[in-house]
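Please read the structure below before turning to the comments.
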Amino acid sequence: AAAMTIAYPNNFPTGANMRAVLLNLAPVGIMVCGMMLLLIAGTFDLSVGSTLALAGVWAGVVVGWWKWPAEIGLLTGVAVGCVAGLVNGLIVTRIGINALIATLGTLAIYRSLTYITAGTGVTPISDAFADYGRVADPLFRIQSPFWAMLAVALLGAWLVARTRFFRQFYFVGGNPRAAQLSGIRVDRLLLIGFVIMGGLAGLAGVLGAARLNSAVVNAGVGIELKVITATVLGGASLKGGEGTILGGILGVLFIALIENAMIINAVGVFWQGLVVGLVLLLAVSLDLFKSVGRA
């Protein structure tokens, strides 16, 4: 008897296609973990895309131009991200500038520093550096950025759910004044949150540069929209005090599947930003209606 075959449509998602989806969501997923922490505390960071690019470029400069070991480049990129987050935190907590204005300003500053540092970018960097972004597991054949995202998400979820220190972010987001009166050092906590956010943006930047073996100066342009959208979809409230790390990862997966569906169905790239923006507006509107309902 003839073997029965199943004919799939040309746009049916394949294993390679799904691996590409998982890889593309990895940088956003890593940063969502930090953004969720900030939104739980009632603040946010709009400079994450520029921080990602600046960290990737510095990793490329250290390894590709200065010929230092790949490991030093990776650590340098993460350290640059932490410094960028520290600057954001100091501006917000010490100077007292609103996080919206502060991180909009540093978004432009960090992007300019990226161009000043590397001009048109660093290409190629080195094979040893690229290995850190391209190594794949033998079973699923998914490259390291996805597994880094999964590790960060699981560790972050455990810390937020199980440790006393990170539980304080909920108290700060729920009622900052009451949290301060209860003995929580609110400014220090927010400062640590911004440093973590910057470090995770730096990690996303160096892994992205390693995967491409290229530090691109315009990397991460507009990615803050996806990060905040995924975080809100994952249960975070713009008023603070709500959300989970794993919920944020589910939000990232939802956005990735929407984008993948648009690509499969040949929807123009210019429409993709429109859809993500509408999803953000819808998610925020639902959050506002929920808040009114509770009131």
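For the chain, the relative contact order works out to 33 percent when only alpha carbon pairs closer than 8 Å and six or more residues apart are counted.
For a protection proxy built on the mean count of beta-carbon atoms within 10 angstrom, sort 68-79, 50-61, 119-130, 34-45 highest first, please.
Ranked from most to least packed, the peptides come out as 50-61, 34-45, 68-79, 119-130.
Rank Leu150, Ile91, Ala179 by how far each Cα sits towards the positive end of the charge dipole of the chain (+1 on Lys, Arg Cβ; -1 on Asp, Glu Cβ) and give me just the farthest. About the Cα centre, the residue reaching furthest to the positive side is Ala179.
Its Cα gyration tensor gives the chain an equivalent ellipsoid; the semi-axes, largest first and in whole Å, are 31, 26, 17. Cβ under 15 Å from Asp137's Cβ, Asp137 left aside: what net charge do those residues give with Lys, Arg +1 and Asp, Glu -1? Overall, the nearby charge balance is +3.
With each label modelled as a point 7 angstrom along the Cα→C-beta vector, the Leu282-Met262 pair spans 1.2 nm.
If you sort Ile142, Ile258 by accessible surface, 1.4 Å probe, largest first, the order is Ile258, Ile142. When you count the other C-beta atoms within 10 angstrom of each residue and take the mean per peptide, 264-273, 88-97 line up highest first as 88-97, 264-273. Computed about the Cα centre, the dipole magnitude for the chain is approximately 620 debye when only Lys and Arg (+1) and Asp and Glu (-1) carry charge, each at its Cβ. The trypsin sites (Lys or Arg not before Pro) of the stretch 170-253 meeting both criteria, a DSSP state outside H, G, I, E and B (loop) and at most 14 other C-beta atoms within 10 angstrom of the site's C-beta, are Arg185, Lys239.
Diffusion coefficient (Stokes-Einstein, Kirkwood radius over C-alpha pairs, 25 °C, 0.890 mPa s) for the stretch 193-295: 161 µm²/s, rounded to a whole number.
With Cβ to Cβ distances under 15 Å as the rule, what net charge do the other residues near Trp58 carry (K, R +1; D, E -1)?
Charge balance near Trp58 sits at +1.
Using only the Cα atoms of the stretch 29-169, build the gyration tensor, take square roots of its eigenvalues as a ≥ b ≥ c, and label the shape rounded, prolate or oblate: rounded if a/c is under 1.5, else prolate if a/b is larger than b/c, else oblate. Since a/c reaches 1.5 but b/c is at least a/b, the shape of the stretch 29-169 is classed as oblate.
Heavy-atom accessible area with a 1.4 Å probe sorts Phe171, Phe165, largest first, into Phe171, Phe165.
The values are calculated or read from the model by the stated rules, or taken from the named source; none is laboratory data. Treat the numbers as computed from the prediction; the structure is a model and nothing was measured. Reconstructed Cβ throughout: ideal geometry from the backbone, glycine too, with neighbour counts over all protein chains shown. For the accessible areas, the whole protein counts, side chains as well, though only heavy atoms, and no ligand, DNA or RNA atoms are used. Shrake-Rupley method; radii C 1.70, N 1.55, O 1.52, S 1.80 Å.
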